[in-house]
Amino acid sequence: LEVSATAGPVVVRGDRDHLKQALLNIVMNGIEAMDGGGQLRVEVARSAGYAVARVIDHGPGIPPELKEKVFRLYFTTKERGSGIGLAMASRAVQLHGGTLELADTPGHGCTFILTLPAEAGL
């Protein structure tokens, strides 16, 4: 796991536990996608009044026909998956005024982009 952040804090207002669980679900999804190991990178930055976290894995990626389904409740491609983690993460982010998007390159991994309103002046 590699983490990089911009200089200075990026602060968001919200339920710490829900946002922490959302980020953990995204990170765990990436780790599980890299079945044989690999590098997972988390980047955090401020951009135009928003806090932006990118979770980048080097797993197999997601086929284009499944991209729009990954945030649906109970949708999973994993044998032992519940289909709850990414759906819960997406909903928690939405409830905090943010977005959760998937940028994917099949065969080369996924980037989940979590964007939340940042506190002004912090």
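Structure notes:
- Kirkwood Rh and Cα Rg combined as Rg/Rh, the chain: 0.96
- Separation in nanometres of the label points that stand 7 Å from Cα toward Cβ, at M28 and E101: 2.7 nm
- With each label modelled as a point 7 angstrom along the Cα→C-beta vector, the A120-L66 pair spans 4.3 nm.
- Modelled spin-label separation between F75 and A5, with each label point placed 7 Å from Cα along the Cα-to-Cβ direction: 3.2 nm.
- Positive-end ranking of G98, G59, M34 along the dipole of the chain, with charges on Cβ about the Cα centre, is headed by G98.
- Only Lys, Arg, Asp and Glu carry charge here, each on its Cβ (+1 for the first two, -1 for the last two); on that basis the chain has a dipole of about 260 debye about its Cα centre.
- Counting neighbouring Cβ atoms within 10 Å and putting the fewest first, the residues F71, F112 line up as F71, F112.
- Compared with the alpha-carbon gap, the fully stretched path from A48 to S82 is longer by 8.7 nm at 0.36 nm per residue.
- Neighbourhood net charge (13 Å Cβ-Cβ; Lys/Arg +1, Asp/Glu -1) for P60: -3
- Restricting the range 25-97 to trypsin sites (Lys or Arg not before Pro) in coil, as DSSP defines it, with at most 14 other Cβ within 10 Å: R72, K78, R80
- Loop-resident GluC sites (Glu not before Pro) (DSSP state other than H, G, I, E or B) in the range 1-71 with no more than 11 further Cβ atoms inside 10 Å of their Cβ are absent.
- For the chain, the longest principal axis of the alpha carbon atoms and the long axis of helix 85-95 meet at an angle near 30°.
Just so you know, all these numbers are worked out from the coordinates, no wet-lab data involved. Being a predicted model, the structure only gives us computed values, none of them experimental. Positions of Cβ are backbone-derived with ideal geometry, glycine not excepted, and every protein chain shown enters the neighbour counts.
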